[in-house]
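Below is one structure, written out as structure tokens; comments come after it.
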Amino acid sequence: MTTDATKDVSGSSAGDETALTCGVWALCANSAVRRAARQLGQLYDDAIGPSGLRGTQFSLLAQISRTGSPALQPLAAALVMDLSALGHTLKPLLRDGLVTLAPDPKDRRVRRVSLTETGVARLSEAEAMWRKAQRRFETLVGEEDAAALMRILGKVSSAGFRDAFEHAESVPTGRKNEHSEDLPS
């Protein structure tokens, strides 16, 4: 019996010569998360687009707002970004006057980013649009599944997951390995 999970986008079943690529396409967590991220990214970009922000910029402004005036390194770590990607995302926000960069008063080598009044206003405008998009997402996926997805993605994006993943041996599906306890639940 062929299920949707064993078919690739062309409709080939796992019994065909495409079984290997089909299995990867259908079963690979990385591939599925990337497809979902692209789809949701486009939908959320469209939803908050009238604010003049993209989803990545909105998330960055929200994280800055949540943490006050963070230093760049911890901000990048919280967003699971490298510093160069953070710098790239900050450039248009700096140009548009939504954020400022300033040296840390205690250690002038460290730079901190803060929202400007314009940035706070733009974030507030975009947040109203985001809330509508988030409600649509939760309605379509279901509140329980949306919450479960957030728990799983929180675990996968946690600081401990990378280390656990790199040190984990292959474990049969459904069983925990010795590093599983280090991850948030």
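Only one of (1) in contact with a helix residue (DSSP H, G or I) (Cβ under 7 Å, 6 or more places away or on another chain); (2) at pLDDT 95 or above; (3) part of a helix (DSSP H, G or I) fails for Asp46. Which number is that?
All conditions are met except number (1).
Please go through the stretch 64-80 and give me each residue that is of a type in the set (A, V, I, L, M) and farther than 22 Å from Thr118 by Cα, ordered by number.
Kept after step one, since they are of a type in the set (A, V, I, L, M), are these residues of the stretch 64-80: 64, 71-72, 75-80.
Of everything in the stretch 64-80, those that are of a type in the set (A, V, I, L, M) and farther than 22 Å from Thr118 by Cα turn out to be Ala76, Ala77, Ala78, Leu79, Val80.
Having 2 or more residues that are modelled with pLDDT of 95 or more, buried (at least 18 other Cβ atoms within 10 Å of the Cβ) and among the hydroxyl-bearing types (Ser, Thr, Tyr) is the bar; report the helices (runs of 4 or more DSSP H) wholly within the stretch 50-130 that clear it. Before the answer, list the steps.
Numbers: elements: 55-67, 72-78, 83-95.
Hits in the stretch 50-130: none.
Taking the stretch 119-138 as the region of interest, how many residues are without any contact (Cβ under 8 Å) to a residue 40 or more places away in the chain, under 30 Å from Thr100 (Cα atoms) and of a type outside the set (Lys, Arg)?
Qualifying residue count, the stretch 119-138: 4.
Mind telling me which of the residues Val113, Val141 ends up being touching a residue at least 24 places away in the same chain (Cβ under 8 Å) and aliphatic (A, V, I, L, M)?
Val113
Could you grab me the full set of residues in the stretch 39-56 that are under 19 Å from His88 (Cα atoms) and under 12 Å from the mean Cα position of the chain (by Cα)?
Within the stretch 39-56, Gly41, Gly55, Thr56 meet the criteria.
Output the residues belonging to the stretch 138-158 that are within 15 Å of the chain's Cα centre (by Cα), surrounded by 13 or more Cβ atoms within 10 Å (Cβ to Cβ) and either at pLDDT 95 or above or assigned to a helix (DSSP H, G or I) (or both).
Ala146, Leu149, Leu153, Gly154, Lys155, Val156
Looking at the stretch 96-107, can you tell me whether even one residue there is closer than 22 Å to Ala159 by Cβ and out of contact with any strand residue (DSSP E or B) (no Cβ under 8 Å at 6 or more places or on another chain)?
No, the stretch 96-107 has no match at all.
List the pairs whose first member sits in the stretch 80-106 and is under 30 Å from Asp163 (Cβ atoms), whose second member is surrounded by 13 or more Cβ atoms within 10 Å (Cβ to Cβ), and whose Cβ atoms are under 6 Å apart, counting only residues at least 6 apart or on separate chains?
That search, which allows pairs on different chains as well, returns Val80/Ser157; Leu83/Ala76; Leu86/Ala76; Thr89/Thr56; Thr89/Leu60; Asp104/Val110; Asp104/Arg112.
The values are calculated or read from the model by the stated rules, or taken from the named source; none is laboratory data. Since this is a predicted model, take the numbers as computed values, not measurements. Neighbour counts are summed over all protein chains in view; Cβ atoms, including those assigned to glycine, are modelled from backbone coordinates with ideal geometry.
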